[in-house]
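The structure appears below as structure tokens.
Each value in this text was obtained by applying a stated rule to the coordinates, not by laboratory testing. Treat the numbers as computed from the prediction; the structure is a model and nothing was measured. Glycine gets a Cβ as well: all are built from the backbone with ideal geometry, and neighbour counts include every protein chain shown.
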Amino acid sequence: MGKWYGSVQNRIEENRMLVDEIKVGTGMTEYLWSDCTPYEVVEVKDQKHIKVRRMGHELVGEAFTNEWRVFSDESYPAEAMTKRGKYWYFTSEYEEDGKTKRAYHRANVTFGVARYYYDYSF
């Protein structure tokens, strides 16, 4: 097991598959240190190559309650993701020395739920 960090609840929830298949419209939650960010799948090439877009959110409960409504927000750009081994990575392409290269940034995500959570303690 790797080094534990952040919220124990987030560490337990991350990297789970709550759906049988990833489809357009499937919700995804990215688990950060102690916050959660909602995404929706907007394109599926195959079950290892997808595009997601961050979802908007608004507070529906009282201040500091963490009761949020999440919704599609097309103002956010679509981001490519690739599954390598058992983990998902945000992928981006860039030019270096006239060659196109790809960068990978590991993401701790769960498919099947799109949840926003803000840790007010920081």
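A few points about this structure:
- Residue-count net charge about residue 60 - beta-carbon cut-off 15 Å; Lys, Arg +1, Asp, Glu -1: -1
- When the listed pairs 48/99; 23/83; 51/99; 23/48 are checked against a 21 Å cut-off, the alpha-carbon distance exceeds it for 48/99; 51/99.
- From the Kirkwood radius over Cα pairs of segment 7-122, Stokes-Einstein at 25 °C and 0.890 mPa s returns a whole-number translational diffusion coefficient of 163 µm²/s.
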